[in-house]
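To start, the structure itself, in structure tokens.
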Amino acid sequence: MSLLDVFVPILADEHATYWFPPQASTFAKEVDSFFHFLVWLSAIFFFLIVIPMFYFAWKFRARPGYKGDPEALHNTPLEITWTVIPTFIVIYIFVRGTMGYLDMSRPPADTLDIQVVARKWSWQFTYPNGAVSDELHLPVGRPAKMIMRSEELTGIPVLHSLFVPAFRAKADVVPGRFNVMWFQPTLAGKYDLFCTEYCGDNHSRMMTKVYVQEPADYEDWVTKANKPPEEPKLHGEWLYKRQGCKGCHSVDGSKVVGPSFKGTWGKDVPLAGGKGTVAFDENYVLESVKNPQAKARSGYENASAMPSYAGRLKDDQILLIVEYMKSLKD
Amino acid sequence: MSTVVNKPVEIPSYQTSDEKDNFLISTRGFLSWALTLDHKRIGLMYLVGVSAAFLLGGILALMIRAHLFLADGVFLTNQQYNQVFTLHGAVMVFLFIIPSVPAALGNFLLPVMLGAKDVAFPRLNLGSFYLWVTGAIFFIVALFVTGLDTGWTFYTPYSLDSKGPVALATMAVFILGFSSIFTGLNFIVTINTMRPPGMAWFKMPLFLWATYSTSIIQVLATPVLGITVLLLTAERILGIGIFDPQLNGDPVTFQHFFWFYSHPAVYIMILPAMGIISELISVHSHKGIFGYRFIAYSSSRSRCLGSSSGATTCLPAECLTSPQSSLVP
């Protein structure tokens, strides 16, 4: 790793250029080539205009003995020329841009369909076999279609936008409808995925990773991801991510919507409305999962935010989540 | 039946034989400025006002850059950062750049360049300045009392859910909109009716062409913004179900309405500046502008196409089924 790589991290990727992340989808070549066309076009016209401007300002400057020509006020052929040529260039830009836009908004048949849920402030991806993850995994070479929706447990769901710079693909996630985008990864690797529509306090942290894998590796991963791990604590974590606990309960002590899972196990926690304390044990977790309103914690008076999970989580699954909570004791 | 004759407003004349006398010093005292109907004084007051707004917006911009000096931020919480960039955008767009050239330079120069004594409606002119002041006060209150965090575009549904003073800020936008409409109306009537004999359309300085086109955009597009922010306030308070997806509203409708104003608004920002450069270069090179008619036509064309391009962002059918974020701004 060179010093330049430290200051310009994108250069650490062998497929990236100084200006751009790797070209990792079928869109990337056309987007980049069109972008470069526009940049060079602008650069050429900039110099075509500015250099003569400075030259004329110097050549026709006021000086003793020089008399300007006050009559040169109009030249129809010249004015038509410099109007008509740019008009055709603009039409070309419009047509090429529209074709690219239409390509991006029309997924081909036989795509890998992935359900995307955007929340304040996390992403969740559900694969055809039912596997759920918070990072996006894709097989290389196969068109993938994102069927995106915005959800909130409480309050109004808001706009988000899914952007993968390496794919040169971006589309809004719009509440009240399923918005669709697609792309076909062409290069295995690990890429960034950002939210690019302002969505509130932690918008800037609403990002995750995309893993483009060889098809066999992807199949491997997606099968494994759908099977719970053997170890109880990891099984609990798997349930925590899959059942949506993650949307409201952090595991690092921070307050999201509900209380964090970290550092509460085995303690006496104060209840809302000064109703004393309760021991944070198996029975309290069981009760709170099935009837969240029964004993709301102090600072979380609005426990109605949480829906009852009675019937959605079996008792043995709740105990697995308890195992996960125990592992977050300190 | 008696006829009521509106007496023309008395415009104090500053044309005296005394060379040391001018519009700045002819009358003195706070009220002589606060109640003035003189276009030059109103223009100067606008200049002071928009400069103060520019300073405020600039300080907010410096706060953004200073905070971003380190990757993890320097001195603001996420929420404060969101409030700072929201106010930076709102102050710069609504308080500074929209009124800057038309209201300040336009007021000062338009009657002078036209050869008229003042604008057509001097009292309306002062009124639109005070509307600007009122709108500015609303924004300042939104800044210091509570945190507005919607971004300057007030996009739904976030602006429906936000705890910030959205109603206060949209009211500011509504009031500032009327300030802008009144100024535009005033300039249109002035240019149409108060040109002296001999000042044909194609004898007008290009700055006036630019100001005329700008004024038409202000009068035609700004009401759409006013309606949009009123609907937003109605949605927040009454839940009428036009933008809120939970009430079967469509949040993208807000974006279409919003850009119906805000796309043409970029021509409110750029056209007067183009007018200025056309005047400056031709004056300082002691030469008539090259292609005068083409420039005059092009400022009118920008106005027509600019207004329609706000509408065309709604047109492609694709837009309704898959709004790509790149399409909207």
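The values are calculated or read from the model by the stated rules, or taken from the named source; none is laboratory data. Just so we're clear, the structure is a prediction, and the values are computed from it rather than from any experiment. FYI the Cβ positions are ideal-geometry reconstructions off the backbone, even for glycines, and counts take in every protein chain you see.
Just a few scattered comments:
- Residues in segment A:283-296 that are surrounded by 13 or more Cβ atoms within 10 Å (Cβ to Cβ) and either out of contact with any helix residue (DSSP H, G or I) (no Cβ under 6 Å at 6 or more places or on another chain) or in contact (Cβ under 8 Å) with a residue 40 or more places away in the chain (or both): A:284, A:285, A:287, A:288, A:290, A:291, A:295.
- Within segment A:22-36, residues that are farther than 12 Å from residue A:212 by Cβ have Cβ atoms under 8 Å from residues that are aromatic (Phe, Trp, Tyr) and surrounded by fewer than 19 Cβ atoms within 10 Å (Cβ to Cβ) in these pairs: A:32/A:20, counting only partners at least 6 apart in sequence or on another chain.
- Failed item in (1) farther than 30 Å from residue A:27 by Cα; (2) among the acidic types (Asp, Glu); (3) more than 12 Å from chain B (Cβ to nearest Cβ), with residue A:79 passing the rest: (3)
- Hey, residue B:311 in contact with a helix residue (DSSP H, G or I) (Cβ under 9 Å, 6 or more places away or on another chain), modelled with pLDDT under 75 and away from every other protein chain (no Cβ under 13 Å) or not: yes
- Scanning segment A:63-75 for residues that are within 15 Å of residue B:284 (Cα to Cα) and surrounded by 10 or more Cβ atoms within 10 Å (Cβ to Cβ) returns a single hit, A:68.
- Residue match in segment A:117-131 (condition: crowded, with 22+ Cβ neighbours inside 10 Å, basic (Lys, Arg), assigned to a loop (DSSP other than H, G, I, E, B) and touching a Gly at 6+ places or on another chain (Cβ under 8 Å)): yes
- The residue list B:236, B:293 contains one member that is in contact (Cβ under 8 Å) with a residue 60 or more places away in the chain, under 30 Å from residue A:60 (Cα atoms), within 13 Å of another protein chain (Cβ to nearest Cβ) and basic (Lys, Arg), which is B:293.
- Subset of segment A:132-152 [over 21 Å from residue B:243 (Cβ atoms) and in a loop (DSSP other than H, G, I, E, B)]: A:134, A:135, A:140, A:141, A:142, A:143
- Hey, residue A:38 within 30 Å of residue A:185 (Cβ to Cβ) and either modelled with pLDDT of 95 or more or over 38 Å from the mean Cα position of the chain (by Cα) (or both) or not: yes
- Within segment A:190-216, the set of residues being away from every other protein chain (no Cβ under 14 Å) and touching a residue at least 40 places away in the same chain (Cβ under 8 Å) comprises A:191, A:192, A:193, A:208, A:209, A:210, A:211, A:212, A:213, A:214, A:215.
- Filtering segment A:256-282 to residues that are assigned to a loop (DSSP other than H, G, I, E, B), of a type outside the set (A, V, I, L, M) and without any contact (Cβ under 8 Å) to a residue 24 or more places away in the chain leaves A:260, A:267, A:275, A:276, A:280, A:281.
- Single residue of A:235, A:249 found to be out of contact with any Asp or Glu (no Cβ under 6 Å at 6 or more places or on another chain), at pLDDT below 95 and either of a type in the set (Lys, Arg) or assigned to a loop (DSSP other than H, G, I, E, B) (or both): A:249
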